[in-house]
Amino acid sequence: MSKRFSTLDTTRLLFDHPKILFRLIERMDRNEARYILESDLVAEVMDYTRNLGKADRERVRLAMNTENLFRSGLIIDIIKAEGERRLVFQDALINLMRACNASLYQELTDARLRGHLVTLRDVRNRLETSTFSDADLDYTELRDDLNERVSQLIGLLRQNVLRMQTISTQLADLSGDASREPEKYLELRHNLFEQIVTLYERHIKPTLVFLNPDTRLPDGSNLFETLNAMVRLLESHDDHSLADQLFRSAISLNALYKPIQAVAQEVEHFLRKTRRGMAQYNAMEHFYGKLRELKGETETLSLRRKWLEGGEFARSTGFLVGLRAQQRPKHYAFGNSSSYYQLMFSELELRLSDLRRKAEAPVLQEVEGSGRHARIDVKRINQLYQWLDTLGLRPTQDLVRELHGRLDGFIPGYRFPDLLAALNRLVNSPPEGMRVITSNRFRTLDQPEGGEQFVYRKRRLESDTRDSVHPDIDQEKRHA
């Protein structure tokens, strides 16, 4: 008697070594078949177990033996046709393996979607002639059938959304040759275009039409019209629990429309890419796949693997080298204090005042070279002083930078000597009620047009409160 495993042990070994069935399901999908050839199964098992230890090799080969799989119930039928044996696996097992690998999710075609819609229409027609009584076994079976079919449809569509969201990897694989061989770019792009159009027309577009509540079908109601009709029937016969559940299911189905629409837009955008764009797209998808593999290594039962081990990835790509030496970007956020908003509104008022006074700004006469005339300099400085006397200022931590921002762009012919003259004017004759404090800290200003750089000592403009420390004494002095 040959050694055999139980169904539980066989299933456990299949999931301990999932790559065998993953590859067989991929081949089955490529051939658009519902069975797996026994010769393919044997070849895949022999190739996979070649690098395993002796004990593991014998265990996997015994578990994946056709006789053991059939006796354990994982293979439900063996068909002999055209001189070969075709193995039909349990749908539950195949669907579970697909759930473990998003790339194995099957895209829903128009025929499959219409099949689900026809089934729901049939349930609606049977519901119209039902008794809506819990004592009626036909009604309870119909209600269970309705729940099962709606849940199955939601599950299939969610899997389809996940499959479509990984379409970027598939597009990168399709366009790899087109980006690597410039001389064959036009031919490969034509073939690529045909494949993507087929993918769009056969899978993405039918799903969009199926989930669009405004779709009009020549043979009857659409999905949401069918569901809403059943909700009204259930509510009219006081089965509010099932009606609410069906209503929530309709909302879940409606929410799946937007992510599929986003995938459709991505496909349309990809078709407009140039060869260089394809190369960049493939490079990003390649390294993104590497990071996904590193992330997948953390999604195991081991609690120690919590972090990405990306040291080798960073050294091999050079993307992240020196990243820690860079300062993290500082975020800009609004403050919560009243003084913050007062400062902001004060700045806005000053800027608006400058814009209104821009027409009144003096046109300073240009002075160039070392042979300038003293008369021209005096006239220029006097014009600047007259404009400064009408300039509104507020307390600031950096008076020089504040003056530079107020003068640059508002005063025609502005240059750094004008800034020095304005600063000298304010230091010697500060605005009323204010004073200038000079610190020992140095700052730098750049003038991009002329390539000049100005190193200055930081100065603060503060409110002068020295005369208002004792207001009672000041008032007595004024009376005296």
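The values are calculated or read from the model by the stated rules, or taken from the named source; none is laboratory data. Remember, predicted model here, so these are calculated numbers, not experimental data. All Cβ positions, even for glycine, are placed from backbone atoms using ideal geometry, and neighbour counts span all protein chains on display. We work out accessible area using only protein heavy atoms, side chains counted, and drop any ligands, DNA or RNA first. Shrake-Rupley method; radii C 1.70, N 1.55, O 1.52, S 1.80 Å.
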Rg from C-alpha atoms of segment 36-158, normalised by the globular rule of thumb 2.2 N^0.38 Å, equals 1.52
To the nearest 10 square angstrom, what accessible area does Tyr200 show with a 1.4 Å probe?
-> 50 Å²
Amide H neighbours of Leu217 under 5 Å, counting only residues 5+ apart in sequence or on other chains, H built in-plane at 1.01 Å?
-> Asn222
Ser302, Ser236, ranked by accessible area, largest first (probe 1.4 Å) | Ser236, Ser302
GluC sites (Glu not before Pro) within segment 66-153: which are DSSP loop residues with at most 16 other Cβ atoms inside 10 Å?
-> Glu82
Vicinal HN-Hα couplings computed from phi for segment 141-152 (Karplus, 6.51 cos²θ - 1.76 cosθ + 1.60; Hz; Gly/Pro x) = 5, 5, 5, 5, 5, 5, 4, 5, 5, 5, 5, 5
Could you tell me the largest-minus-smallest coordinate of the C-alpha atoms of segment 1-63 on each of the three principal axes, in descending order and whole angstroms?
-> 35, 25, 22
Violations at 27 Å Cα threshold for listed pairs Lys19/Lys290; Lys54/Lys295; Lys258/Lys306; Lys19/Lys258 -> Lys54/Lys295; Lys258/Lys306; Lys19/Lys258
